[in-house]
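Report on one structure; see the data block that follows.
The values are calculated or read from the model by the stated rules, or taken from the named source; none is laboratory data. Please read these numbers as outputs of a predicted model, since none were measured by experiment. A quick note on method: Cβ atoms are made from the backbone with ideal geometry, for glycine too, and the neighbour counts reach across all protein chains shown.
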Amino acid sequence: MANYPELTASTSKLRRMVYNNELIRLRRNLYIPVQNEINTLLVANYIISPSYVSGLTALWYYGIIPETVHEVFSMTTKRTKTFQNELGYFRYHNCSENNFYLGIETKTLNGQAFLVAGKEKAIIDYIETTPNLNLRYKRETLEWMENDMRMDTEELSSMNLNIFKQYMLNGKKTNMLSNIVKIFS
């Protein structure tokens, strides 16, 4: 706040800095300085903490799906919420604490570390958070992965199936997850 000594109230200083494009408001009481390159995946970890990037965003990050993702999807132990700011649209979905830390990885982009779901956990989270998704058979599951989601199944052949098995002990939609384990076993 030393940049504006004539302003006495800190909220006035923040508003002025946002107006002058020196700060970006991420959410209430959370700002970052304007920079050339901002890692939106890292920003997603800060908007709500604890959280990790997952779902379609993580699948896109790993190159498993070809489509560009227009929102950053994350899982959190807190309430489901959405935020929209200058950097984009951020959606957070509640996850039980039992399986929250299972399958999370730390990745680095431009020297900045952030938390992201591994391939396995990203698929699990996507399946769990997609309403009305009911894949009962192995063939139906494979068709959904290849045709509907356009997933690169070659990229998925190196998945750690133990993460699926561990998740199935306490998670939801276990029948669909067991189909994925059968496909890649």
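What to note about this one:
- If the condition is being at pLDDT below 90, among the aromatic types (Phe, Trp, Tyr) and out of contact with any Lys or Arg (no Cβ under 6 Å at 6 or more places or on another chain), then the stretch 1-46 contributes only Tyr19.
- For Arg91: the one exception among (1) touching a Phe, Trp or Tyr at 6+ places or on another chain (Cβ under 9 Å); (2) under 18 Å from Met159 (Cβ atoms): (2)
- Selection from the stretch 15-42 of residues that are more than 11 Å from the chain's Cα centre (by Cα) and in a helix (DSSP H, G or I): Arg15, Arg16, Met17, Val18, Tyr19
- Any hit, the stretch 135-144, residues being surrounded by 12 or more Cβ atoms within 10 Å (Cβ to Cβ), modelled with pLDDT under 90 and part of a loop (DSSP other than H, G, I, E, B): yes
- Out of Asn39, Asn29, Asn110, sole residue that is in contact with an Asp or Glu (Cβ under 7 Å, 6 or more places away or on another chain) and of a type in the set (S, T, N, Q): Asn110
- Look at the stretch 148-169: where a residue is not assigned by TED's automatic domain parsing to the domain that holds Leu135, no partner that is assigned to a helix (DSSP H, G or I) sits 6+ places away or on another chain with Cβ atoms under 6 Å.
- Some residue of the stretch 111-128 being without any contact (Cβ under 8 Å) to a residue 40 or more places away in the chain and in the same structural domain as Thr68 (by TED's automatic domain parsing): yes
- Among the residues of the stretch 67-103, those identified as touching a strand residue (DSSP E or B) at 6+ places or on another chain (Cβ under 8 Å) and in a loop (DSSP other than H, G, I, E, B) are His70, Glu71, Thr77, Lys78, Arg79, Thr80, Glu86, Leu87, Cys95, Phe100, Gly103.
- Residue in the stretch 78-89 that is among the charged types (D, E, K, R) and within 12 Å of Leu26 (Cα to Cα) present: yes
- Some residue of the stretch 53-66 being farther than 15 Å from Ala122 by Cβ and part of a helix (DSSP H, G or I): no
- The set of residues from the stretch 59-77 being exposed (fewer than 14 other Cβ atoms within 10 Å of the Cβ) and under 28 Å from Leu23 (Cβ atoms) comprises Thr68, His70.
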